[in-house]
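The values are calculated or read from the model by the stated rules, or taken from the named source; none is laboratory data. Everything quoted here is computed from the prediction, not taken from an experiment. Cβ sites come from the backbone with ideal geometry, for glycine too, and all protein chains shown count toward neighbours.
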Amino acid sequence: MNSIKFYYRNVLKNTKKIEVQLAKKPKSLPIVLSRSEVEKILKSPKNAKHRLLLALAYGAGLRVSEVVSLKIQDLDFEELTVHIKQAKGQKDRISVMPESLADSLRGLTAGKERDDLVFASERGGKLATRTAQKIFENALKDSNVKKDATFHSLRHSFATHLLENGTDVRYVQELLGHQNIRTTQRYTQVTNPKLKNIRSPLRLRVKKLGL
């Protein structure tokens with residue numbers, strides 16, 4: 001569509017409205033984990049660094065590519081913030097650092113240089129995104145959480161739980177780095193408190209239904 005627009009407007013100098021039927025994209029709700037499910041997943045890895053990686057990803061709403069790219073200088077322990085640099089769309093943003101993780105992060109990064117990676121691989125290089133995803137997949141399996149969740153579900157859950165706590169959607173938008181507020185508003189569909197308070201009209205006991 002952008003190529004067609006460019007051709008007509010910049011090459012043919014035609015400023016008329018272009019009527020092109022676009023294919024409809026399937027709309028699906030994000031897979032969100034409950035707080036208890038997140039806790040089970042974060043407790044599952046036997047490796048403390050792996051637990052910390054998953055906990056920070058959830059606690060700061062980070063993408064898998066962002067958490068493996070974090071450097072020591074990106075962590076501000078005084079302000080309890082995480083500086084995500086050149087994220088999606090080549091934009092920087094600031095997110096929150098969970099206070100409960102500050103001591104563990106200090107211990108992990110102690111004695112390292114400012115330019116060193118927070119979660120380096122065993123060989124000292126950058127941890128592959130697939131490795132981080134595998135850490136989550138193993139934790140999900142070991143936790144017995146029966147949802148088709150992915151590493152990105154931690155980010156979905158971060159946003160949803162903030163909205164459930166009453167955080168303004170525009171602040172959540174900034175923390176996630178969404179350019180369009182509509183992207184963030186997707187989470188209001190899975191965190192509507194009025195919807196959650198509705199009870200099904202089915203009141204028959206299971207025995208009467210033969211179930």
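Looking at LYS40, LYS13, LYS85, LYS91, can you tell me which residue is at pLDDT below 95, of a type outside the set (Val, Ile, Thr), touching a helix residue (DSSP H, G or I) at 6+ places or on another chain (Cβ under 9 Å) and surrounded by fewer than 18 Cβ atoms within 10 Å (Cβ to Cβ)? Quick ask: steps written out before the conclusion?
Details: LYS40 fails: at pLDDT below 95; LYS13 fails: touching a helix residue (DSSP H, G or I) at 6+ places or on another chain (Cβ under 9 Å); LYS91 fails: touching a helix residue (DSSP H, G or I) at 6+ places or on another chain (Cβ under 9 Å).
Selected residue: LYS85, the only one of LYS40, LYS13, LYS85, LYS91 that is at pLDDT below 95, of a type outside the set (Val, Ile, Thr), touching a helix residue (DSSP H, G or I) at 6+ places or on another chain (Cβ under 9 Å) and surrounded by fewer than 18 Cβ atoms within 10 Å (Cβ to Cβ).
Having 3 or more residues that are over 20 Å from SER44 (Cα atoms) and at pLDDT 90 or above is the bar; report the helices (runs of 4 or more DSSP H) wholly within region 140-203 that clear it.
Working: elements: 152-164, 169-176, 181-185, 193-196.
Of the helices (runs of 4 or more DSSP H) lying wholly inside region 140-203, those with at least 3 residues that are over 20 Å from SER44 (Cα atoms) and at pLDDT 90 or above span 152-164, 169-176.
Just to check your reading of the model, which residue among LYS71, LYS46 is modelled with pLDDT of 95 or more, touching a strand residue (DSSP E or B) at 6+ places or on another chain (Cβ under 7 Å) and surrounded by fewer than 19 Cβ atoms within 10 Å (Cβ to Cβ)?
The match here is LYS71.
Which one of these does VAL169 not meet: (1) within 17 Å of the chain's Cα centre (by Cα); (2) more than 18 Å from PRO30 (Cβ to Cβ)?
(2)
VAL172: at negative phi and surrounded by fewer than 20 Cβ atoms within 10 Å (Cβ to Cβ), yes or no? It would help to see each step written out before you state the result.
Details: at negative phi: yes; surrounded by fewer than 20 Cβ atoms within 10 Å (Cβ to Cβ): no.
Taking the combined requirement at face value, the residue does not satisfy it.
List, please: which pairs have Cβ atoms under 6 Å, are six or more places apart or on different chains, and start with a residue in region 44-70 that is acidic (Asp, Glu) and end with one that is not in a helix (DSSP H, G or I)?
So the pair list comes out as GLU66/ILE84; GLU66/ALA87.
Considering only region 128-163, state which residues are over 13 Å from the mean Cα position of the chain (by Cα) and farther than 20 Å from SER69 by Cα.
Filtering region 128-163 down to residues over 13 Å from the mean Cα position of the chain (by Cα) leaves 128-132, 134-135, 137-148, 163.
Residues satisfying the conditions are ASN138, ALA139, LEU140, LYS141, ASP142, SER143, ASN144, VAL145, LYS146, LYS147, ASP148, LEU163.
Could you check how many residues of region 114-132 are among the β-branched types (Val, Ile, Thr) and part of a loop (DSSP other than H, G, I, E, B)? Don't jump to the end; show me each part of the working.
Initial filter on region 114-132 (among the β-branched types (Val, Ile, Thr)): 118, 129, 131.
Now restrict to residues that are part of a loop (DSSP other than H, G, I, E, B): 118.
Selection size over region 114-132: 1.
Quickly run through region 6-65 and pick out the residues that are of a type outside the set (D, E, K, R), assigned to a loop (DSSP other than H, G, I, E, B) and under 26 Å from TYR171 (Cα atoms).
Keep residues of region 6-65 that are of a type outside the set (D, E, K, R), which gives 6-8, 10-12, 14-15, 18, 20-23, 26, 28-34, 36, 38, 41-42, 44-45, 47-48, 50, 52-62, 64-65.
With the extra rule that they be assigned to a loop (DSSP other than H, G, I, E, B), the set shrinks to 12, 14-15, 18, 20-23, 26, 28-34, 44-45, 47, 61-62.
Once the filter is applied, which keeps residues that are of a type outside the set (D, E, K, R), assigned to a loop (DSSP other than H, G, I, E, B) and under 26 Å from TYR171 (Cα atoms), region 6-65 yields SER28, LEU29, PRO30, ILE31, VAL32, LEU33, SER34, GLY61, LEU62.
Please count how many residues of region 132-163 are free of Cβ contacts under 8 Å to residues at least 12 places away in the same chain and either touching a Lys or Arg at 6+ places or on another chain (Cβ under 8 Å) or crowded, with 16+ Cβ neighbours inside 10 Å (or both).
0
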